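Please read the structure below before turning to the comments.
The values are calculated or read from the model by the stated rules, or taken from the named source; none is laboratory data. Please read these numbers as outputs of a predicted model, since none were measured by experiment. Counting neighbours? That spans all protein chains shown, and the Cβs are built from the backbone with ideal geometry, glycine included. When the accessible area is computed, the model is the full protein with side chains, heavy atoms only, and any ligands, DNA or RNA have been set aside. Shrake-Rupley method; radii C 1.70, N 1.55, O 1.52, S 1.80 Å.
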Amino acid sequence: MPVAATVAVATPSHPYDILIGTRLLAAADSWRGLPQAAHAVVVSNPTVHALYGAALEAALAPHYARVSRVLLPDGEQHKQWPTLQTIFDHLLDQGCDRRTVLFALGGGVVGDMTGFAAASYMRGVPYVQVPTTLLAQVDSSVGGKTAINHPRGKNMIGAFHQPERVVADLDTLATLPPRELAAGLAEVIKYGPIADAAFLDWLERHVDALVARDADALAHAVRRSCQIKAEVVGADERESGRRAILNFGHTFGHAIEAGLGYGRWLHGEAVGCGMVLAARLSAALGLVDAAFAERLARLVARAGLPVAPPALPAARWLALMRLDKKAEAGEIRFVLVECPGSAVVRAVPDALVARVIAAAGTAADAAPPP
Ligand code: NAD
Ligand code: GLY
């Protein structure tokens, strides 16, 4: 039986399941019971489509009279309007109607753009997430946040639109480059400090196995991450409160991505470093002790992620973070750890934020190669 776990996501707008397991792309059960339509459109990129496109399209063929595809350019720098337009062009060229089902085959970039296209084409069509990166399997494919970047701010233009299903085939992780696997581990690690201290302990014991792609360790990490994310988004679908904790490390991380130019640091790398800064900020505020922040820094480093931030001028950091979606009335608000396994969101004085960044040093060499 290829499905190892099913995690239910009970969002008020649209409940759905996450299927997690091996051999799921080819399994007929993965694709049964989805909305019926004449036409399915697979949205992917050339890298992922070359690996898994044929398997997905063959599995969809019995369910849809037509299966077409649109391939987007690969990379975070393409998560923008002109790329989104290529999806709309394809849907219109192919005469796609309101019942057409989109299938997002790829990582978070493909998933976020396909979701946004599905949210807005003819004011909304159904879509299915088929995540093929660790990051997408543990985070971006779940919860219905869809977006593109604006040159001035990450994920600034988007919509909430829940998928019909998430099909996370763990076999796809075998072809992921090591740097991308590490980036996904950042979002896995995130769930420990904010929601589950026991999972944080487990990660410390199993991070080497995860880096080595041990199948059981990866299956557990994906399942536990999805359970936590499902619980959080089920309780607060549109981020009016608790869901903001999922942004742990992201206020710093998004500033790194936008400040360096999208694609220079991977999203997960920026989040990894951002979590270390956010934990140190939590310690500077007296919420956790400094030893906890350094414990997290060691885990992030063992996952193969940068812990030192890139060299950005202090004023630039603050200007970028003021654009964060959690900011209110010009005040930057951070997700902070109040004790291992629990997070709060708070405004923090600029001077303290600047001090934490300065104390972390600026290791230009720490920037991974573009
Ligand atoms: P990505 O989509 O760019 O994929 C990373 C790279 O891996 C790409 O080059 C891709 O072609 C390649 N790839 C994908 N699957 C592969 C496979 N199985 N084998 C080999 N190569 C493969 O990056 P990502 O890390 O998956 O996603 C990052 C994006 O997700 C960011 O834009 C981020 O903002 C977004 N995100 C969204 C949410 C959300 O809730 N919507 C949450 C977290 C992150
Ligand atoms: N990745 C943050 C969220 O889904 O809310």
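Numbers below:
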{"read-out": "Arg205 open to solvent by 10 Å² or more (accessible area, probe 1.4 Å), away from ligand 1 (no atom under 16 Å from the Cβ) and in contact (Cβ under 8 Å) with a residue 24 or more places away in the chain", "value": "no"}
{"read-out": "Residue match in segment 104-114 (condition: touching a His at 6+ places or on another chain (Cβ under 8 Å) and within 13 Å of ligand 2 (Cβ to nearest atom))", "value": "yes"}
{"read-out": "Those residues of segment 264-274 which are out of contact with any Phe, Trp or Tyr (no Cβ under 6 Å at 6 or more places or on another chain) and not basic (Lys, Arg), in sequence order", "value": "Trp265, Leu266, His267, Gly268, Glu269, Ala270, Val271, Gly272, Cys273"}
{"read-out": "Candidate set from segment 125-140 (those that are crowded, with 24+ Cβ neighbours inside 10 Å and without any contact (Cβ under 8 Å) to a residue 60 or more places away in the chain); member that is farthest from ligand 2 (Cβ to nearest atom)", "value": "Tyr127"}
{"read-out": "Criterion violated by Arg213 - all others in (1) surrounded by 17 or more Cβ atoms within 10 Å (Cβ to Cβ); (2) more than 23 Å from Ser120 (Cβ to Cβ) satisfied", "value": "(1)"}
{"read-out": "Looking only at segment 231-268, and only at residues there that are open to solvent by 20 Å² or more (accessible area, probe 1.4 Å) and on the phi > 0 side of the Ramachandran plot, the one that is farthest from ligand 1 (Cβ to nearest atom)", "value": "Gly261"}
{"read-out": "Test: residue in segment 102-117 that is over 30 Å from Leu185 (Cβ atoms) and in contact (Cβ under 8 Å) with a residue 12 or more places away in the chain", "value": "no"}
{"read-out": "Condition check for Leu134: closer than 30 Å to Val7 by Cβ and out of contact with any strand residue (DSSP E or B) (no Cβ under 8 Å at 6 or more places or on another chain)", "value": "yes"}
{"read-out": "Count of residues meeting criterion [surrounded by 23 or more Cβ atoms within 10 Å (Cβ to Cβ) and either away from ligand 2 (no atom under 15 Å from the Cβ) or of a type in the set (Phe, Trp, Tyr) (or both)] in segment 173-184", "value": "1"}
{"read-out": "Residue that is farthest from Ala219 (Cα to Cα) [pool: residues in segment 126-144 that are out of contact with any Pro (no Cβ under 9 Å at 6 or more places or on another chain) and among the β-branched types (Val, Ile, Thr)]", "value": "Val130"}
{"read-out": "Per-region count, segment 270-291, residues assigned to a helix (DSSP H, G or I) and open to solvent by 10 Å² or more (accessible area, probe 1.4 Å)", "value": "5"}
{"read-out": "Check on Gly304, open to solvent by 10 Å² or more (accessible area, probe 1.4 Å), at positive phi and under 18 Å from the mean Cα position of the chain (by Cα)", "value": "yes"}
{"read-out": "Matching strands (runs of 3 or more DSSP E) fully within segment 121-204 where at least 2 residues are under 13 Å from the mean Cα position of the chain (by Cα)", "value": "127-131, 145-150, 153-160"}
{"read-out": "Verdict on Trp317 being within 30 Å of Arg205 (Cβ to Cβ) and of a type in the set (Phe, Trp, Tyr)", "value": "no"}
{"read-out": "Enumeration of residues in segment 76-113 that are within 14 Å of the chain's Cα centre (by Cα) and either over 21 Å from Leu60 (Cβ atoms) or away from ligand 1 (no atom under 11 Å from the Cβ) (or both)", "value": "Glu76, Lys79, Gly108, Val109, Asp112"}
{"read-out": "Residue tally, condition of a type in the set (Gly, Ala, Ser) and closer than 23 Å to Ala290 by Cα, over segment 315-349", "value": "4"}
{"read-out": "Some residue of segment 74-90 being closer than 18 Å to Val166 by Cα and of a type in the set (Ser, Thr, Tyr)", "value": "no"}
{"read-out": "Among residues of segment 294-319, those that are in contact (Cβ under 8 Å) with a residue 60 or more places away in the chain, farther than 15 Å from Ile357 by Cα and among the hydrophobic types (A, V, I, L, M, F, W, C), counted", "value": "5"}
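For every residue, the table says whether it meets (1) at pLDDT 95 or above; (2) open to solvent by less than 40 Å² (accessible area, probe 1.4 Å); (3) small (Gly, Ala, Ser).
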site: Met122; (1), (2), (3): yes, no, no
site: Val142; (1), (2), (3): yes, yes, no
site: Ala168; (1), (2), (3): yes, yes, yes
site: Ile189; (1), (2), (3): yes, yes, no
